[in-house]
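Every read-out reported here was derived from the displayed coordinates using simple, explicitly stated rules and does not represent laboratory data. Nothing here was measured: the structure is a model prediction, and the numbers come from that model. Methodologically, a virtual Cβ is constructed for each residue, glycine included, from the backbone with ideal geometry; neighbour enumeration extends over all protein chains shown.
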Amino acid sequence: MSNGTAPLEMWGGVECTVNRVGDRWFDQMAWSGHHARLDDLDRIAALGIRTVRYPVLWEHLAPRRLDDIDWRWADQRLGRLRELGIRPIVGLLHHGSGPGYTSLLDPDFPDKLAAFAGAVSRRYPWVTDFTPVNEPLTTARFSALYGHWYPHQRNDRDFIRALLNQLHGVVLAMEAIREVIPHARLVQTEDCGCTFGTAPMQDQVAHEEHRRWLTWDLLAGRVSAGHPLYRFLVHHGMTPADEAVFRERPCAPDVIGLNYYLTSDRFLDDRLDRYPPSRHGGNGAVQYADVEAVRVRRSRPSGCRRARRS
């Protein structure tokens, strides 16, 4: 019960990352076996879950081209969820860069994602909740700042372009969805971990503390000349056309999902000799190690309580 007046609704989610490394795709649902087990949905229902984040992924349904969509898997799963009385929050891209005919740096990425979103909404007009892109800031960091995932870049300019492309894609995707489902809700997720560091790293810590809110700030149309990261964004490639998308067509989330993991909090340390070279990096002015805070801080993980905007 919540405050003794209303029952709490149980929510769940299916982990479904499809990330690309080089020319190989790593599919979490295939590894877990969920992709082949329809009866997992009955098990989810048996837990009392009535809302579930569920994948209808671009890479799965349209791997070759946008006009060649195989709906069979999604038809079966979404149909069963509907029979079970479970409301899906449909995800279209989950830590991915899209199929092989696009990428996070493709200038046509937003339009391609919107085309796929429109097709999904026409196929399932009874769905009301959507997450077009899961954790876009996190995906941009891992793909274009840290180089772990495709397209394996490690610079601020590509990081910003990857983030802007994904969020522009969210705006266009929700517009396409709402042409079919006017009352559709945007359920936007993001990692909300905090950044800590040694005294010489406080400027970079402050930068990353502002950076972790960019998903929300951009979607809500709050990034203008007064924003603490405005000069950084413009210097690294944000154009007036990019600004106009978010200022003139704001797409603030209807529901936000703040994800927090044990390794979400980061610690920046200028004492490089304490860490292996694989953890070394820098911002052009200072070299430092970027490590999981839980491994080096004496205090307990901060958790979601601290992950709020000051």
Worksheet item: For the modelled label position 7 Å from the Cα of residue 82 along Cα-to-Cβ, which residues of region 95-120 have backbone nitrogen atoms closer than 19 Å?
Response: 117-120
Fill in: Set of region 231-253 residues, backbone N closer than 18 Å to the point 7 Å along the Cα-Cβ line of residue 179
249-251
Worksheet entry | Vicinal HN-Hα couplings computed from phi for region 204-217 (Karplus, 6.51 cos²θ - 1.76 cosθ + 1.60; Hz; Gly/Pro x) | 5, 4, 4, 4, 6, 5, 6, 4, 5, 9, 4, 4, 6, 4
Worksheet item: What does the charge count near residue 89 come to, summing +1 for each Lys or Arg and -1 for each Asp or Glu among other residues with Cβ under 10 Å from its Cβ?
Response: +2
Worksheet item: How much mean residue ellipticity at 222 nm does the chain get from its helices, if each DSSP H run of length 4 or more adds -39500 (n - 2.57) and you divide by all residues, to the nearest 500 deg cm²/dmol?
Response: -10000 deg cm²/dmol
Worksheet item: Can you pull out the chymotrypsin sites (Phe, Trp or Tyr not before Pro) in region 232-304 that DSSP calls coil and that have at most 14 other Cβ atoms within 10 Å?
Response: 261
Practice prompt. For every other residue with a beta carbon closer than 12 angstrom to the beta carbon of residue 37, add +1 if it is Lys or Arg and -1 if Asp or Glu, then tell me the sum.
Written response: 0
Worksheet item: Tell me, what is the FRET efficiency for residue 279 and residue 252 to the nearest 0.05, using R0 = 45 angstrom and their Cβ-Cβ distance as r?
Response: 0.80
Item to complete: Can you tell me the 0 to 90 degree angle between the C-alpha axis of helix 72-84 and the longest principal axis of the chain, rounded to 10?
Response: 80 degrees
Item to complete: Name the residues whose placed amide hydrogens come within less than 5 Å of the amide hydrogen of residue 259, ignoring near sequence neighbours (fewer than 5 apart) on the same chain.
Response: 190, 191, 192
Worksheet entry | Stretchable slack from residue 272 to residue 24, in nm (0.36 nm times residue separation minus alpha-carbon distance) | 86.0 nm
Item to complete: Taking the Cβ of residue 252 as the centre, find all other residues whose Cβ is under 14 Å away and add up their charges (Lys, Arg: +1; Asp, Glu: -1).
Response: 0
